[in-house]
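Report on the structure given below.
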There are 2 protein chains.
Amino acid sequence: MSPRDPHDAGDAIARAFDAEAFRREGRRVVDLLADHLAAAQAGRTPSGAALPVLPPIPPEAMLARWRGDFPEGPTGGGLDALLARVIADSTQLHHPHFVGHQVTAPLPLAALCELAAALLNNGMAIYEMGPAATVMERRVLGWMAAQLGFGDGAAGVLTSGGSAGNLTALLAARQARAGFDAWSDGTAGVRLAVLAPASSHYSVARSLQVMGLGAGAVEPVPLDGRLRLRAEALPGALARARDAGKRVFAVVANAGSTATGSFDPLDAIAAFCAREGLWLHVDGAHGAAAALAPETRALVAGIEHADSVVWDAHKMMLMPALVSAVLFREGRRSAEAFAQEASYLFQGDAAARDEWWNVGLRTLECTKRMLSLNLYASLSLLGTRLFADYVARSFALGARFAAMVEASPDFELAVAPDCNIVCFRHRPRDCAGAALDAHQERLRARVLESGAFYLVQTRLPAPLAGVWLRTTLINPATSEADLEALLCALRDAARAPASPAP
Amino acid sequence: MSPRDPHDAGDAIARAFDAEAFRREGRRVVDLLADHLAAAQAGRTPSGAALPVLPPIPPEAMLARWRGDFPEGPTGGGLDALLARVIADSTQLHHPHFVGHQVTAPLPLAALCELAAALLNNGMAIYEMGPAATVMERRVLGWMAAQLGFGDGAAGVLTSGGSAGNLTALLAARQARAGFDAWSDGTAGVRLAVLAPASSHYSVARSLQVMGLGAGAVEPVPLDGRLRLRAEALPGALARARDAGKRVFAVVANAGSTATGSFDPLDAIAAFCAREGLWLHVDGAHGAAAALAPETRALVAGIEHADSVVWDAHKMMLMPALVSAVLFREGRRSAEAFAQEASYLFQGDAAARDEWWNVGLRTLECTKRMLSLNLYASLSLLGTRLFADYVARSFALGARFAAMVEASPDFELAVAPDCNIVCFRHRPRDCAGAALDAHQERLRARVLESGAFYLVQTRLPAPLAGVWLRTTLINPATSEADLEALLCALRDAARAPASPAP
């Protein structure tokens, strides 16, 4: 790099911060995204061509499309041109045929909030680094806690994702119920464990392994035929763990599970935890939102007894990722999970724990984004009912899709869905076992290659053992007609001749 | 909630996704933010009034300004009106008088990328959930690794913040150097520890406590007079840890430290780690960017020998929070840190570890934001030199501010700054000890109340023991004249009569 002239360098940096250039570029980007949004919701590109839900380009070929040798000086190129390429090479969550993973087609209003949050960049580790963001977070969490039925002592944090949320909750559980000061003393010398169904998200096991508890830290609780935790199996699981020399500190339950969206029976599980003095953590990343609508509230009956709940707003609350709430029935638990001194941040001491406005004391993050802005603005401007309606409609669509699958002799439903996650498979005659599994994988690959739909697959445990197609009806633009088209596309894929061996 | 009409509910949801409404609202938001940006860079509001760097409103009063009783239906209010209130109640990172924490005034271009990333919402746990985002992340990480001097085998991940980054790196270190399969077997039988200076960010100790290693897991390494790790003290620290029955698996070094921005001598530390078979983790959240400019490169000499480096782009690379890179000299370490099965995500098995395109295998997060977009776009369109220039100019401004402080008989410099973090204090006659500490706290509080500047304070260890004012010259708009004004503002605050007891 050649020697720099400080004055020229300063000019270049100042130009990069020019507000009028931002205004011009910003309008172009908004126009680009608006054109894309309108078209994507109709399954089209702005020029009217069919929009693949997933660009049919494998990783190495995609890598070749994006250069890694960045120029030394400015190119003069516009951001809108680059973003047009990004759009074309991305997965289209606003396409009505996106029925894949549990990441939502976000509200455009919420995306605009992210623009403001990014520009203001209030880091929120302490109140001084995000006054409005801090109180908005408190308001949003208060509203969410009330929806769950938590009382006045509840509190929580927003954090960057459900995995971080599960880890945060399990740290609080460890601190509250390990029987000693695990945070200060460490956990060498004791084998801590939790009871959790095999249907739990992998971040539960991962969190425990992060915590140094090893792969044996989850004592599995058996599932029933709909892949829900069998509450009557809890005493046996606890006994098995104890017999193996483990000290159980928590039960993790799902509302609902990742693979099939099954809701564990929280009331019965909570009663067991109360009897045994165990922490109840509910992974409600997907389904805690069921608390919002009268039609779906029964699915989470008992959630008000949980000690902690994770609830991802980027799943069933239409927010862009990541906005995860970790809610504690007893709010003080959230500060007890992390007790750290950092004099450059926190002037106080133990008293600072009780300062709700210094959120860095209660999260894995120190600096974080203004996580609350999109949810606060959406609830304030659009109202709460829209979210309740969205949940109720999505779950109802899951039931209707299940009925469509059951009415189709060539398809098989895995379990009657509790929510908007539906697992099923195509069932050709004389096909079973490994061949049937391979058949599902082939169908999915063909449909993805065509760009017509994005759906996923999962291997379910016994008694359903095998590979199943998995859909999450998370985009509010997805209709019954789209789901009919999905079944047709899968039938077409099943009829297509086997592709020649590569 | 009254019973809903499914059709009406669908209409309301569809309206919330209307692309033309997004276009109109988006233009208003861009205009609002452009007006704000132009004014804030001049220390003004758009109407020409003085803009407080930090709104002088305490937490409880701020809470009262933001309602928590969200309406059931839409209010018809505009997002721009709500965002205008958010701006007024936020900390102004683009104000030239923001010299507070290490969170940057972000590039407006990068903020626009966040809008696109939020709308596209490609969650990136696997390639299918973010094709473009995945390869852009690989390109950005490849460029960053090359800047550090890492070879071809290097790889890494982008994650949500430096704290998550330090945890990720320490998990990899544990797995590589604990001497057994800590991930699978757990760490119950052994007391693991790291060597780290007391100047380390609190997330290092916090990460180890998350990992169940307790408060005793950091064996402190003594500092020199400029608060840099004394490399010659490493053997003694290692011996002390071992004598106490701890198994040391890593050394954590700072480039630079949080409180004073001191850069530890990486070359000498790396040589020690190589001799002892210890993992070297460099927390370069703030200062790894020194590698970008010839004028500052020497500060991180030896970083190419580190096993892992954390580098926050939201600190010295002008990105909005959070964009943290965790870079591994041996890329395979990043997958070894997390070995988890999740059949609904990863069709493969052990082989999937080698699939660079499924990033969920290598991060704490499952879903994450399109973290790479802002950095990829900024490097592509603005060029790399702008970032090198920014780092060199910021660090040089730190040296000039230190000279200004030293030239002022009423101010005292803590240590000659290595970078753009400068700690100093006001030194009235006949004031020492606790009174001098209280004096700094009072000055800071008065300046913050006036809204004129945002600076922070920190308690430094011996030999500097006491409370110091702390500035980070992270906003490229901050000039020497602004820093002269800061010293004047502090002098004025020192002269002001004591406020009446509350």
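Pairs of Cα atoms under 8 Å, at least six residues apart: use those to get the relative contact order of region A:385-495, whole percent. Each step should come with its number before you reach the end.
Numbers: 147 pairs, mean separation 28.4, N = 111.
Relative contact order of region A:385-495: 26 percent.
Which entries in B:246/B:315; A:246/B:368; A:246/B:246 show an alpha-carbon gap greater than 29 Å?
Values: B:246/B:315 34 Å; A:246/B:368 33 Å; A:246/B:246 24 Å.
Long pairs (Cα-Cα over 29 Å): B:246/B:315; A:246/B:368.
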note = Interchain or sequence-distant (5+) residues whose placed amide H lies within less than 5 Å of the amide H of residue A:156 are A:328
request  = Report the trypsin sites (Lys or Arg not before Pro) located in region B:427-502 that are in a DSSP loop and have at most 15 other Cβ atoms inside 10 Å of their Cβ, or state none.
outcome  = B:429
ask   = Exposure proxy check: A:366, B:423 ranked by fewest other beta carbons within 10 Å?
value = B:423, A:366
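Can you give the average number of partner chain beta-carbon atoms within 10 Å of each beta-carbon in peptide A:55-68, as a whole number?
Per residue, the average neighbour count from other chains is 5.
Please say if chain B is rounded, prolate or oblate, where rounded means a/c under 1.5 for a ≥ b ≥ c the square roots of the C-alpha gyration tensor eigenvalues, and otherwise the choice is prolate for a/b larger than b/c and oblate otherwise?
Numbers: a/c = 1.71, a/b = 1.03, b/c = 1.66.
In terms of gyration-tensor shape, oblate.
Rounding to the nearest 20 debye, state how big the charge dipole of the protein assembly as shown is about its Cα centre with +1 on each Lys and Arg Cβ and -1 on each Asp and Glu Cβ.
On the way: 92 positive and 102 negative charges, 168 e Å.
Here the size comes out at about 800 debye.
If the chain between residue A:11 and residue A:429 were fully stretched, how many nm would it gain, using 0.36 nm times the residue separation less the Cα-Cα distance?
Values: separation 418, 0.36 × 418 = 150.48 nm, distance 7.13 nm.
Net length gain for the segment: 143.4 nm.
Quick check on region A:151-369: take the gyration tensor over C-alpha atoms, sort the square-rooted eigenvalues as a ≥ b ≥ c, and tell me if it's rounded (a/c under 1.5), prolate or oblate. Don't skip to the end; give the middle numbers.
Values: a/c = 1.80, a/b = 1.19, b/c = 1.51.
Oblate, since a/c reaches 1.5 and b/c is not below a/b.
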query = Can you put A:11, B:267, A:437 in order, fewest other beta carbons within 10 Å first?
reply = A:11, B:267, A:437
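Please state the shape class of region A:385-495: rounded when a/c is under 1.5, otherwise prolate if a/b exceeds b/c and oblate if not, all from the C-alpha gyration tensor.
prolate
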remark   = chain B: antiparallel bridges as % of DSSP beta bridges, rounded to 5, reads 60
key: Beta bridges by DSSP in the protein assembly as shown, antiparallel share as percent, to the nearest 5   = 60
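So for chain A, averaging the separation of alpha carbon pairs under 8 Å that are six or more residues apart and normalising by length, what relative contact order in percent results? Walk me through the numbers on the way to the answer.
Values: 896 pairs, mean separation 100.3, N = 502.
Rounded, it is 20 percent for chain A.
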Charge dipole (the protein assembly as shown, unit charges on Cβ, about Cα centre) - positive-most of B:433, A:59, A:490 = B:433
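Computed from the coordinates by the stated procedures, all read-outs in this text should not be read as laboratory data. Nothing here was measured: the structure is a model prediction, and the numbers come from that model. As a convention, Cβ positions derive from the backbone with ideal geometry for all residues, glycine included, and neighbour counts pool all protein chains shown.
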